[in-house]
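Report on the structure given below.
Every number in this text was worked out from the coordinates using simple rules, so none of it is lab data. Keep in mind that this is a model prediction, so the values were computed, not measured. Cβ: placed from backbone, ideal geometry, glycine included. Neighbour counts: every protein chain shown.
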Amino acid sequence: MAVTLSEAAARHVSRYIARRGKGVGVRLGVKTTGCSGLAYKLEYADEIAPEDHVFEDHGVKVLIDPKSLPYIDGTELDFVREGLNEGFKFHNPREKDRCGCGESFRV
């Protein structure tokens, strides 16, 4: 499997990297936190680490550390606008439950 980006997410990441003037892609991972146990983390990456799993979708590189990959393999990262709010949404087929506040999830 792989981690993919929607066209909207790829456009947003590409624009941000261009404005920033540097970067090789976006780094996705998970951290232990919240009431359900895991939370997504997302940051722009300036370099690819030797241990990173690298996926490319719509011309954008997605970097995943080996410890996070089992939790987010198969996930699609989307970028959505809902009214005045906009942001990334994770569509993870491995997610079994999500806490009420939406901050964390369980696989």
In the chain, what percentage of the DSSP-assigned beta bridges are antiparallel, given to the nearest 5? 80 percent
Total charge dipole magnitude, the chain, about the Cα centre, Cβ charges on Lys, Arg, Asp, Glu only, Debye to nearest 20: 260 debye
What lysines could a cross-link reach from Lys89, if we take a straight Cα to Cα line under 23 Å and drop same-chain neighbours fewer than 8 places away? Lys31, Lys41, Lys61, Lys67
So if the hydrodynamic radius of segment 4-96 is defined as the Kirkwood radius over C-alpha pairs, what does Stokes-Einstein give as its diffusion coefficient at 20 °C and 1.002 mPa s, in µm² per second? 155 µm²/s
May I ask you to evaluate 6.51 cos²θ - 1.76 cosθ + 1.60, the Karplus curve with θ = phi - 60°, for each residue of segment 52-64 and list the ³J(HN,Hα) values in order in whole Hz, giving x for glycine and proline? 5, 8, 10, 10, 10, 9, 6, x, 10, 7, 10, 9, 10
